[in-house]
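One structure below.
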Amino acid sequence: MRETAQLAMLGGPKAVTLDQKDITGWPIVTKEDEEAVLEVLRRGAMSGRDVTMKFEREYADWHGTEYALGHSSGTAALQAAMWACGVGVGDEIITPSLTYWASALPVFGLQGTVVFADVHPDTLTIDPGDIEHRITERTKAIVPVHLAGYPADMDPIMEIAGKHDIKVIEDVSHAHGALYKGRLVGTIGHVACFSIMSGKALATGEGGILITNDRYIWEKATAWGHHGRTVATQWTGELDEQIITAPDLTPFVGMPWGGYKYRMHQLTSAVARVQLKYYKERMEEIQKAMNYFWDLLEGVPGLQAHRPPKNSGSTMGGWYAARGIYKAEELGGLHLHKFAEAVAAEGAICGAGSRRRLHVHPLFNEADIYGHGKPTRIANSDRDVREPEGSLPVTEAEGDRVYGIPWFKHYWPEIIEEHAAAYRKVAENADQLL
């Protein structure tokens, strides 16, 4: 039932009044994390690899994959994966424009280019229906992004990739532990990359990790930016298994093909092992809290949950960068920014607005990064792949229909209920703002 109440921004009482405690605080750092870091520091092993190799094995085991490779960042892991999948001069990847720049920009360092696709209006992930017509003989990989924790629709993506014999690189930087139809995201494509920086759902410091079941991809990624490990060995209880075995790679061991040092810092690795140990139970509490928030708002006009349908077998993992979908037409055309301002005035968390879409950013369209004498985006292309304003309509409408919601880390119902009440209050009394 609709409840009439004066909005706080118009002089009414706030909906959120309770002490918020630390309901959105993250990461959870304990004595165990601190001791793990101190152990590495005390023995001067910050630039070693033994702790990193243990973390790699544990991360691969969690996903049921054969191989994992720690990196200095998720961005580094993505570039290594692109190169390992054969991306080079003039080659193309397809990825959504609605993503962080790291899903696309590393391809420039390989002298390749990016072709952007639109997203589905409900999932905000790459629209499988907008991929195939963008594939050419230069396409080497599709990079779906599980944006804000929502699993991309992987089945049709894998079908398209198989039809055209191209690789799929999952960007799982927002979706640690999320499920797609019962399968862990990151285990469906040919290779997957994760950011594990401090702000992510699995928060460990500045780092990244790559997983795959394809040994050749793993070896190539190692050769790209892990020079010490190309002549060293991989952890199998002791350092005794040779890493590089592919005949086209072995003549060049000892030097990084990319000229990069992409190893993971062992202070990050130490924290990562502890965080991973407790991640499942912490993630489950986040899921319980976030789903409770949206359950309280079911049926409220103008507000659509950004989460997979119930009983679909798909989940949001740690709900990184949680979002909601706004339907202004159900609230008399009230602009999203005004709605968000009113919710914030109630004492709740609500953020409207978005970063500039990648496909229209000048860096992707105008910058000559390497001195080619023309924009890097098309420096090695056989055609102009740039997409002008208006070419990706769903992506371009995102700023008027997507907003940030509280990212609850604890299931404290009374606090969550107040935040949900603030959203409901504004939505049900939107006419006061028109």
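The values are calculated or read from the model by the stated rules, or taken from the named source; none is laboratory data. Worth saying up front: this structure is predicted, and the values here are computed from it rather than measured. Reconstructed Cβ throughout: ideal geometry from the backbone, glycine too, with neighbour counts over all protein chains shown.
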- Query: Which condition number does THR75 fail, the rest of (1) farther than 29 Å from PRO393 by Cα; (2) not in a loop (DSSP other than H, G, I, E, B) being met?
  - Reply: (1)
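Yes or no, residue by residue, for (1) among the charged types (D, E, K, R); (2) modelled with pLDDT under 95; (3) touching an Asp or Glu at 6+ places or on another chain (Cβ under 6 Å):
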site: ALA270; (1), (2), (3): no, no, no
site: ILE286; (1), (2), (3): no, no, no
site: LEU297; (1), (2), (3): no, no, no
site: GLY302; (1), (2), (3): no, no, yes
site: GLY317; (1), (2), (3): no, no, no
site: ARG323; (1), (2), (3): yes, no, no
site: ALA328; (1), (2), (3): no, no, no
- Scanning the stretch 256-278 for residues that are assigned to a loop (DSSP other than H, G, I, E, B), in contact (Cβ under 8 Å) with a residue 60 or more places away in the chain, touching a Phe, Trp or Tyr at 6+ places or on another chain (Cβ under 8 Å) and surrounded by fewer than 24 Cβ atoms within 10 Å (Cβ to Cβ) gives TRP257, GLY258, TYR260
- Task: Kindly establish whether GLY90 is surrounded by fewer than 19 Cβ atoms within 10 Å (Cβ to Cβ) and either small (Gly, Ala, Ser) or in contact with a strand residue (DSSP E or B) (Cβ under 6 Å, 6 or more places away or on another chain) (or both).
- Result: yes
- Near pairs, Cβ below 6 angstrom, 6+ apart or cross-chain, from the stretch 52-70 (in the same structural domain as THR268 (by TED's automatic domain parsing)) to any residue that is among the charged types (D, E, K, R) and part of a helix (DSSP H, G or I): PHE55/ARG273; ALA68/GLU56; GLY70/GLU56
- Only one of these is at pLDDT 95 or above, out of contact with any Pro (no Cβ under 6 Å at 6 or more places or on another chain), part of a loop (DSSP other than H, G, I, E, B) and not β-branched (Val, Ile, Thr): GLY25, GLY48, GLY12. Name it. GLY12
- With the stretch 329-420 as the region, which helices (runs of 4 or more DSSP H) entirely inside it contain at least 3 residues that are more than 23 Å from ALA104 (Cα to Cα), in contact (Cβ under 8 Å) with a residue 12 or more places away in the chain and not hydrophobic (A, V, I, L, M, F, W, C)? 336-345
- Task: Take TYR292 and decide whether it is under 19 Å from GLY25 (Cα atoms) and modelled with pLDDT of 95 or more.
- Result: yes
- Query: Of these, THR268, THR315, which one is assigned by TED's automatic domain parsing to the domain that holds HIS63 and at negative phi?
  - Reply: THR268
- Message: Tell me yes or no: at least one residue of the stretch 389-400 is among the β-branched types (Val, Ile, Thr) and more than 18 Å from ALA321 (Cβ to Cβ).
- Response: yes
- Message: So for the stretch 361-370 (the condition being surrounded by fewer than 16 Cβ atoms within 10 Å (Cβ to Cβ) and either under 19 Å from the mean Cα position of the chain (by Cα) or farther than 28 Å from SER103 by Cβ (or both)), does at least one residue qualify?
- Response: no
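Are there strands (runs of 3 or more DSSP E) fully within the stretch 109-178 with at least 1 residues that are polar (S, T, N, Q) and in contact (Cβ under 8 Å) with a residue 40 or more places away in the chain? List them.
Of the strands (runs of 3 or more DSSP E) lying wholly inside the stretch 109-178, those with at least 1 residues that are polar (S, T, N, Q) and in contact (Cβ under 8 Å) with a residue 40 or more places away in the chain span 113-117, 139-142.
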